[in-house]
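Okay, so here's the structure we're looking at.
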Amino acid sequence: MTWQDDRVGSALRGENPTVLRRLHAGFAVIGDVQFPPGYCVLLTDDPAVGRLTDLPRPRRLRFLADVELLAEAVEVVCARRDERFRRVDIEILGNTDPFLHAHVRARYEWEPPERVGHPVHLYPPEVWTDPRHALGPRHDDLRDALAAEVDRLLTL
């Protein structure tokens, strides 16, 4: 079993290499695939939680506040790194992984016109499996910038 097979458990054990920071109600992680660059996810810190509504309201609000903080960090970092940054999309889907998580995706003006107005998950499968987009050492500076911005926002 790898950390990918148990993303929340491996984060709780300190074994998930994508974790940027532990937040109040979850883990901010950088996405396995960096297309578009800056893709992050907020993972619940309770693997038994499958939906946002499984959380008691105060915890639910903390999770959503963590999503907002991560989204702001992605926006600040990606806008600083690429002048064609457009916006951040936030999605809570839950169709593949059974645990609560929120996708935070940077969007850019350089995306093809037929794609920019639609959800990122509608890009063709070959984009997601292209090795050029796989998270790796070439993303260390992005990872560091995201973690630093999360840290900065946590102190405000």
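Where a number appears in this text, it was derived from the coordinates with a stated rule and is not lab data. Computed from a predicted model, the values in this text were never measured in an experiment. Note that each Cβ is placed from the backbone with ideal geometry, even for glycine, and that neighbours are counted across all protein chains shown.
Some observations on this one:
- Sites count as exposed loop sites when they are trypsin sites (Lys or Arg not before Pro), lie in a DSSP loop, and have at most 16 other Cβ atoms within 10 angstrom; the longest stretch of the chain without one is 85-156.
- Theoretical ellipticity at 222 nm over the chain - DSSP helices of four or more residues, -39500 (n - 2.57) apiece, nearest 500: -10500 deg cm²/dmol
- Estimated D of region 77-156 in µm² per second, where Rh is the Kirkwood radius over Cα pairs and Stokes-Einstein applies at 37 °C, 0.692 mPa s: 223 µm²/s
- Here region 1-73 was treated as a single set of alpha-carbon atoms; its pair distances binned every 5 Å from 0 give 3, 17, 27, 24, 20, 8, 2 percent.
- The chain: proportion of alpha-carbon pairs further apart than 24 angstrom, %: 30 percent
- In Hz, Karplus ³J(HN,Hα) per residue of region 125-134 (6.51, -1.76, 1.60; θ = phi - 60°; x = Gly, Pro): x, 5, 5, 6, 9, 5, x, 5, 9, 5
- Remark: region 31-101 is approximated by an ellipsoid whose semi-axes, taken from the C-alpha gyration tensor as √(5λ), come to 25, 14, 8 Å, largest first.
- Farthest toward positive dipole pole in region 56-99 [+1 Lys/Arg, -1 Asp/Glu at C-beta], among P56, I92, L69: P56
- Shown in residue order for region 104-112 are the 3J(HN,Hα) couplings computed by the Karplus curve 6.51 cos²θ - 1.76 cosθ + 1.60 at θ = phi - 60°: 10, 10, 6, 10, 9, 5, 7, 5, x Hz (x for Gly and Pro).
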